[in-house]
Ligand SMILES: Nc1nc2c(ncn2[C@@H]2O[C@H](COP(=O)(O)OP(=O)(O)O)[C@@H](O)[C@H]2O)c(=O)[nH]1
Ligand SMILES: [Mg+2]
Ligand SMILES: [Zn+2]
């Protein structure tokens, strides 16, 4: 028996002890994990998750035996229970969180946006905000939208404005996500399904279904799964040059959970505060009542958005009022 043929690929699906691994060129192999494979970080219940890059040996029957997992750039996890130390890795190596938001119909609060952004920061996942339904932005809403866009651009987040309905801005978003593994998140009703349909017209996701934003129904799974997106860009004919783009679907987690922040840690996940922490008098400054606080000073000078700061305070408050056993 020969084990010479070794391949590398992306785990796109997991079902029990089998992993679907996509290799360059588009072929998928059903793989298993070598029996004595050491589970990295004993706190995790699953050694491999979708998004992992693995090396495997092709066996005679055409299946694969995974022999190595590349280090993860990031991963999102779920605790089995609130107090449990065991965690379940939902997905790994996410290149881009696309936070879909709307200024109206329904209105996404900046509080929600800031929570999600802080969570993405904690997970080391780059985040961008896509404001959808821009066809509904009238003269009255326009200044507010511009103001909010400026707040996030100033912090360093890419911000896009699109309409899934008219197709406005979609090409720019396609260019932005090309070649990335993307996770779309946002409240129900903001148009995630419609937006994904506009990005990839072959998806045919149901629009207007309140409870379901995932691809469930189209592909029935309760596990996280990664799908190639067909960006079918009309402008360049040579598709072979395009880098594959992927969508992570995570049924079961509607939104990112909030990571277990400690109050003094939270500002590490607000980039505009993080860059000023060393100027606060106290290393564990929570930027509320402490003297010599560089963050508060930046808020007073209008350098840090007071809206972001208020949302920061609200998150701290919710951390402190939560189950005290956890910290
Ligand atoms: N006017 C307008 N309506 C939209 C747009 N995108 C989505 N919608 C509508 O918003 C509702 C919710 O869309 P859906 O994609 O199901 O949102 P999801 O819950 O985030 O997946 C549907 O009635 C869509 O037709 C848009 O760009 N403009
Ligand atoms: Mg939906
Ligand atoms: Zn401070």
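If the condition is being within 16 Å of ligand 2 (Cβ to nearest atom) and at pLDDT 95 or above, then the stretch 248-296 contributes no residue at all.
Restricting attention to strands (runs of 3 or more DSSP E) lying wholly within the stretch 101-216, give those where 1 or more residues are over 27 Å from residue 259 (Cα atoms) and modelled with pLDDT under 95. Before the answer, list the steps.
On the way: elements: 127-131, 159-161, 181-185.
Passing ranges: none, list empty.
Only residues that are over 16 Å from residue 167 (Cβ atoms) and near ligand 2 (Cβ under 10 Å from one of its atoms): list them for the stretch 179-191, please.
First pass over the stretch 179-191, keeping only residues over 16 Å from residue 167 (Cβ atoms): 179-190.
Matches in the stretch 179-191: 184, 186, 188, 189, 190.
Checking each residue in the stretch 161-178 for being more than 14 Å from ligand 1 (Cβ to nearest atom) and out of contact with any strand residue (DSSP E or B) (no Cβ under 6 Å at 6 or more places or on another chain) picks out 171, 172, 174, 175, 176. I'd like the full set of residues that are buried (at least 17 other Cβ atoms within 10 Å of the Cβ) and within 21 Å of residue 76 (Cβ to Cβ), limited to the stretch 177-192. Scanning the stretch 177-192 gives 177, 180, 181, 182, 183, 184, 185, 186, 187, 190, 192.
The values are calculated or read from the model by the stated rules, or taken from the named source; none is laboratory data. Predicted model, so just to flag it, every value in this text is computed and none were measured. As a convention, Cβ positions derive from the backbone with ideal geometry for all residues, glycine included, and neighbour counts pool all protein chains shown.
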